[in-house]
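Right, one structure below, let's go through it.
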Amino acid sequence: MASPLRSLVEDDERYLKSFQLFLERSSEHQCMQDFIHGKLADELARVGDGKAKLNVIGVGSGAGEIDLEMFSQLRQKHPSLTVDNQVVEPSSQQLHNYKVLVSKTPDLDYINFTWNKMTASEFEQHWKENKMSKKADFIHMIQMLYYVKDPDATVRFFQSLLGKNGKLLIILVSGRSGWDKLWRTYRSQLSSSDISQCVTTSDIKSGLESKAVGYRSYQLPSQLDISECFVEGSEKGELLLDFLTEVLDFSRTAPAELKAGVLEMLRHPDCSVETNGKVLFNNSLEALVLDPLP
Ligand SMILES: C[S@@+](CC[C@H](N)C(=O)[O-])C[C@H]1O[C@@H](n2cnc3c(N)ncnc32)[C@H](O)[C@@H]1O
C-alpha cells in the first residue's frame, strides 16, 4: 500500500534546505571531486576525440558546483575547446544558484549555457517535438534518477542522444550503501509519490544487463554524519531525517512505530558505523559510464 506520508520533493524550499545540510554533513561532493580528478579524468580525455566544440547536457544539475568541476577537468584535457552546455533543471532556485555561481567563476567564456527550466521528461518531450537531432558528447545525470518515473527509460533516451565517442555519466547511491538497506526495509512505508525515489545503481545495472548494454563502474566511498538525527528536538536532525526518508516533516508526521524503526535501522551496523561519538551513515555512491548504443 502506498504511504500516506507527503514526499519531500513536494516542498522545493525544504528539499533544498535539507539537501544543503546533507552536503554539509557528508563527503558527497568531496568524493565526486576525487572521482572527477581521478577516474573520470581518463573518461573525459576520450570524450569528443579531437572535436573543437563539445555538446554537453547536464540533467538535474542543481547549483552546478559539480558541473563546473567537470568542465574545469574537461578544459585541462582539451584546452582549446568550446562547449555548448544544456542545463536541464526544474527548480528555479537551483537554476538561479547555478547562474550566480557561473557569474562568480572566472574564465568560463568558452562555455555557452542554455538554461532549460524543465524536468528530464519535459526535456525529452521538447527534444522529440522539435525533432532535434544534435548529438551530445557528454551527458551527466548526477544524483537525479530518483526523481523520474522510469529511470531505465530515462537512461535509454539520454544514451540515444550520444554521438560517436560520447559518454553518459550516471551517479547514484550504490547498492552497497546504507540507503539500499534503509529502502529495502522501509520503501513501501516511506514512498508516496509516482517517482522512483528508492533507486540505486544496482537497479540501473540490472536494467542495463537485461538489455545487454555495457557500462563501466566506479565506486565512490562516502559517509554522512547523521548523529543529530538521534538528538530529540534537533532541527537539523529533523531536516536530515527528511532527506534520508524523502518524507516531508518525517519526525512530525510519521507514525511513532515507523519513526522508531527507521531510527533503529539508521544506526544499525548494516547502515552506519559509530566512531568517536558520531554515527556515520554509509553514503557510498557508484558512477556508471555508458558509451553510445551500437
Ligand atoms: C540531489 S540533487 C543533485 C544536484 C547535483 N546534480 C549534485 O549532485 O549536486 C537532485 C537535483 O535533481 C533535480 N530534479 C528533480 N527532479 C528532476 C527531474 N524530474 N528531472 C531533472 N532534474 C530533476 C532537483 O531539482 C535537484 O537539483
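The values are calculated or read from the model by the stated rules, or taken from the named source; none is laboratory data. The structure presented is a predicted model; accordingly, all values stated were derived computationally and were not measured. All Cβ positions, glycine included, derive from the backbone under ideal geometry; neighbour counts span all protein chains shown.
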Checklist entry - When you go through (1) assigned to a loop (DSSP other than H, G, I, E, B); (2) touching a residue at least 40 places away in the same chain (Cβ under 8 Å); (3) touching a Pro at 6+ places or on another chain (Cβ under 8 Å) one by one for MET118, which number turns out not to apply? => result (2)
Checklist outcome for this item: Subset of the stretch 235-251, residues in contact (Cβ under 8 Å) with a residue 12 or more places away in the chain and over 24 Å from the mean Cα position of the chain (by Cα), comes to SER251
Next on the checklist: For the stretch 80-97, give me the residue count where each residue is among the hydroxyl-bearing types (Ser, Thr, Tyr) and near the ligand (Cβ under 9 Å from one of its atoms).
Outcome noted: 1
Checklist entry - Under 6 Å by Cβ, and 6 or more places apart or on different chains, what pairs join a residue from the stretch 24-48 that is closer than 24 Å to PHE243 by Cα with one that is modelled with pLDDT of 95 or more and in a loop (DSSP other than H, G, I, E, B)? => result SER26/ASN283; SER27/SER222; GLU28/SER222; CYS31/SER222
Next on the checklist: Yes or no: the stretch 2-23 includes at least one residue that is modelled with pLDDT under 95, away from the ligand (no atom under 14 Å from the Cβ), within 22 Å of LEU162 (Cβ to Cβ) and not in a helix (DSSP H, G or I).
Outcome noted: no
Item to check | Of all residues in the stretch 167-196 being modelled with pLDDT of 95 or more and in contact with a Lys or Arg (Cβ under 9 Å, 6 or more places away or on another chain), the one that is surrounded by the most Cβ atoms within 10 Å (Cβ to Cβ) | outcome: LYS167
Checklist outcome for this item: Within the stretch 128-147, the count of residues that are crowded, with 17+ Cβ neighbours inside 10 Å and at pLDDT below 95 comes to 2
Checklist entry - So LEU169 fits all but one of (1) more than 16 Å from the ligand (Cβ to nearest atom); (2) in contact with a His (Cβ under 7 Å, 6 or more places away or on another chain); what number is the exception? => result (1)
Checklist entry - If you go through the stretch 153-165 one residue at a time, do you hit one that is under 21 Å from the mean Cα position of the chain (by Cα), surrounded by 21 or more Cβ atoms within 10 Å (Cβ to Cβ) and either of a type in the set (Val, Ile, Thr) or under 19 Å from PHE19 (Cα atoms) (or both)? => result yes
Checklist entry - Of the residues that sit in the stretch 45-61 and are in contact with a Leu (Cβ under 9 Å, 6 or more places away or on another chain) and part of a loop (DSSP other than H, G, I, E, B), which one is nearest to the ligand (Cβ to nearest atom)? => result GLY60
Next on the checklist: Need the failing condition index for TRP127 against (1) part of a strand (DSSP E or B); (2) within 16 Å of the ligand (Cβ to nearest atom); (3) under 18 Å from PHE157 (Cα atoms), just the number.
Outcome noted: (1)
Checklist entry - LYS77 fails exactly one of the following numbered conditions: (1) over 16 Å from HIS140 (Cβ atoms); (2) of a type outside the set (A, V, I, L, M); (3) more than 16 Å from the ligand (Cβ to nearest atom). What is the number of that condition? => result (1)
